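Report on the structure given below.
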Amino acid sequence: MNIFMIESPLQLINAIEAKHHFSIKKEEAVLLILQAENENTMKQIANMVSKEEWADVQVIGSGTGKVTWVTRLFSLRNVVKRYQQVDYIFIGDYRSDIMRDFVVSVNHKKVYLLDDGNVTIRMFEMISNGRLPQDSGAKFIIKSAFKKVLTPKAPKNNEITNIAFFTTFDLKSDHIEIVKNNYEYFSSISKNQEKKPVFFFLGAPLSEKNVMASEERYIDYLRQVKSYLQDTEMVYIPHRSESPEKLDKIKNELNIKVTTIQTCIEFELSKNPYLPEGLGSFYSSALGTCHQIFKDLIEIKAFYLQPQDLAEKNQPEIEKIYRYYGEFMDVIKDY
């Protein structure tokens, strides 16, 4: 049996792709979904899951908000008992202590880390240098205390040292196995679609997560993007974590059409009868995955954010993303 453990729509996309890449049959594939804090995340995942593709689909945990971490802990115990011996394990996020707990509690042949956006690059650099991502701080102390009380048999050390990568990024290593994800499956089902003269812009919760100092500055950047596109129709595709108030401003103040999708953009476009002529964002990881899936069928652009408008702690990583994107797509600085 092979286990795929995910907690976001993009991780699910990569789990499906991995299942096809490694030719894993339905009866040998189990999908475990960690209950998300954000209910919109669970709705999108539910809309993307086809039970016909999996031997079993199980949600680990329940509820919304911070309580989900506690319910995950309790649910995980039963899952570990059920799958004591497996072949491959695919996890969507090394940073998830629940995923690491599962991996070290189950006998397995190999564990692969799926992409979860641009964070893959940071995880690879840390693991390559022998610096395994560590939990720390007050949050970690509180979680550890809860674990000791609620799940005393939980592993005390959940570091994964033998991890391999199934990734779309061009990573190089002499000692880590890297399997390239070229999105062959999703590319194969994304053909013969008509083009529509519209530009999809992928939103991001930058002001909501304090990556950008103010919502007003985010709106200003969008105003500049609209001006850059001139007469091309611009459709704003919001991220599931963006605030309704900000979306109202985008719609009413900028006169930009806001269209909410029920899955993630990669899945949505692959199933859509038409493709937009253009796709853009500030630095969404979806730009990279859509480039891999749709190749030259869609013109993809990343719109550069000035470092001084970003939180200082985020500036180096975002600059690194722009350098990476600049290798295969237009990074628009003057707009």
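Okay, residues lined up against (1) over 15 Å from the mean Cα position of the chain (by Cα); (2) more than 17 Å from Thr71 (Cβ to Cβ); (3) touching a residue at least 12 places away in the same chain (Cβ under 8 Å):
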{"residue": "Glu7", "(1), (2), (3)": "no, no, yes"}
{"residue": "Ile13", "(1), (2), (3)": "no, yes, yes"}
{"residue": "Lys25", "(1), (2), (3)": "yes, yes, no"}
{"residue": "Val30", "(1), (2), (3)": "yes, yes, yes"}
{"residue": "Ile33", "(1), (2), (3)": "no, no, yes"}
{"residue": "Met48", "(1), (2), (3)": "no, yes, yes"}
{"residue": "Glu53", "(1), (2), (3)": "yes, yes, yes"}
{"residue": "Asp56", "(1), (2), (3)": "yes, yes, yes"}
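Restricted to the range 35-57, and to residues that are under 18 Å from Val79 (Cβ atoms) and modelled with pLDDT under 95, which residue is most open to solvent (accessible area, probe 1.4 Å)?
So the first thing to find is which residues in the range 35-57 are under 18 Å from Val79 (Cβ atoms), and the list is 35-36, 42, 45, 49, 51, 54-57.
Remaining after also requiring modelled with pLDDT under 95: 35-36, 42, 51.
Numbers: Gln35: 25, Ala36: 8, Met42: 33, Lys51: 151 Å².
Per the criteria, the residue is Lys51.
Give the residues of the range 163-194 that are of a type in the set (D, E, K, R), surrounded by fewer than 12 Cβ atoms within 10 Å (Cβ to Cβ) and over 30 Å from Arg131 (Cβ atoms), sorted by residue number.
Start the filter on the range 163-194 by keeping residues that are of a type in the set (D, E, K, R), which leaves 170, 172, 174, 177, 180, 184, 191, 194.
From what's left, surrounded by fewer than 12 Cβ atoms within 10 Å (Cβ to Cβ): 170, 172, 174, 191, 194.
Within the range 163-194, Lys191, Glu194 qualify.
For Asn2, indicate whether it is touching a residue at least 40 places away in the same chain (Cβ under 8 Å) and either within 28 Å of Pro244 (Cα to Cα) or out of contact with any strand residue (DSSP E or B) (no Cβ under 9 Å at 6 or more places or on another chain) (or both). Before you say what the answer is, go through the steps one by one.
Working: touching a residue at least 40 places away in the same chain (Cβ under 8 Å): yes; either within 28 Å of Pro244 (Cα to Cα) or out of contact with any strand residue (DSSP E or B) (no Cβ under 9 Å at 6 or more places or on another chain) (or both): no.
The answer is no for Asn2.
How many of the residues in the range 82-99 are open to solvent by 10 Å² or more (accessible area, probe 1.4 Å), closer than 19 Å to Ile127 by Cα and at pLDDT 90 or above?
Total satisfying the criteria: 1.
Of the residues Pro197, Pro205, which is open to solvent by 50 Å² or more (accessible area, probe 1.4 Å) and in contact with an Asp or Glu (Cβ under 6 Å, 6 or more places away or on another chain)?
Selected residue: Pro197, the only one of Pro197, Pro205 that is open to solvent by 50 Å² or more (accessible area, probe 1.4 Å) and in contact with an Asp or Glu (Cβ under 6 Å, 6 or more places away or on another chain).
Taking the criterion of being in a strand (DSSP E or B) and either open to solvent by less than 20 Å² (accessible area, probe 1.4 Å) or on the phi > 0 side of the Ramachandran plot (or both), would at least one residue in the range 306-322 satisfy it?
Yes.
Quick one: in the range 211-225, of everything that is modelled with pLDDT of 95 or more and hydroxyl-bearing (Ser, Thr, Tyr), which residue is farthest from Glu312 (Cα to Cα)?
Tyr221
Restricting attention to the range 264-305, report how many residues are closer than 24 Å to Ile45 by Cα, surrounded by fewer than 16 Cβ atoms within 10 Å (Cβ to Cβ) and within 21 Å of the chain's Cα centre (by Cα).
Total meeting the criteria: 2.
With the structure loaded, tell me whether Ile300 is without any contact (Cβ under 8 Å) to a residue 60 or more places away in the chain and within 30 Å of Ala15 (Cβ to Cβ) or whether it fails that test. Full working, then the answer.
Values: without any contact (Cβ under 8 Å) to a residue 60 or more places away in the chain: yes; within 30 Å of Ala15 (Cβ to Cβ): yes.
Here the answer is yes, as Ile300 does meet what is asked.
The values are calculated or read from the model by the stated rules, or taken from the named source; none is laboratory data. Computed from a predicted structure; not experimentally measured. Cβ atoms come from the backbone with ideal geometry, glycine included; neighbour counts cover every protein chain shown. What goes into the accessible areas is simple: the full protein's heavy atoms, side chains included, and nothing from ligands, DNA or RNA. Shrake-Rupley method; radii C 1.70, N 1.55, O 1.52, S 1.80 Å.
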